[in-house]
């Protein structure tokens, strides 16, 4: 079974996730009373506040924080990259695989963030998006039997240029690592499942 026969493209998961992020942003903007930036009240309720997760058991924040963005610029930037990498992932993975990559990457990034301090507050879909990106680039290389070194270098480069003030690099790192792992496994599995076939054709021509 090839990747195209398992494609999730017909379900349009990328557009659905983008729509959910936009709807969530509108809701948090209404709560905060500002459509340019998300207010503290919405962040504390639905973003990932490590103190609340650990001491009050607000575990839902590990999931809802993937849909919370701190500003309209943050939202638009993440949705732009989700559109690019997500549409590519739709061509490579089934719907279940796509959703597994997206949400497991985002959750892993959030759990990694949870390990590093009570004072950390984070929000955004970038961990999940990094996972989708990582899964795509390494899957393509692995599925066709080529070296994954180039894919890893490209992933490392993108990760490094996204490190900066106010950026939760832990979420990016966790999401990217999970995406690379899942993409590698899927690529290796599909490569083994492909059996090459060969055809030999001979042509003869008669000359009078």
I want to check the label-to-label distance for residue 103 and residue 76. Put each point 7 Å from Cα in the C-beta direction and report it in nm to one decimal. 3.0
For segment 10-193, the Debye formula with one identical point scatterer on each Cα and no solvent gives log10 I(q)/I(0) at q = 0.11, 0.12 Å⁻¹ as -0.46, -0.55
Please list, by residue number, everything in segment 80-96 whose backbone N is under 13 Å from a paramagnetic label point 7 Å out along Cα→Cβ of residue 189. 93-96
Where Rh denotes the Kirkwood radius from the mean inverse Cα pair distance, what is Rg over Rh for segment 76-135? 1.03
Two-site label geometry, residue 150 and residue 41: point separation in nm, points 7 Å out along Cα→Cβ: 5.3
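For the ranges 95-105, 31-41, 177-187, what's the packing order if you count other beta-carbon atoms within 10 Å of each residue, average per peptide, and put the highest first? Could you put the intermediate results ahead of the total?
Numbers: 95-105: 20.2, 31-41: 14.2, 177-187: 22.8.
Peptide ranking by packing, descending: 177-187, 95-105, 31-41.
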In nanometres, the difference between 0.36 nm per residue of separation and the alpha-carbon distance of residue 22 and residue 55 is 8.9 nm
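Every read-out reported here was derived from the displayed coordinates using simple, explicitly stated rules and does not represent laboratory data. Everything numeric here is computed off the predicted structure, so don't read it as measured data. A quick note on method: Cβ atoms are made from the backbone with ideal geometry, for glycine too, and the neighbour counts reach across all protein chains shown.
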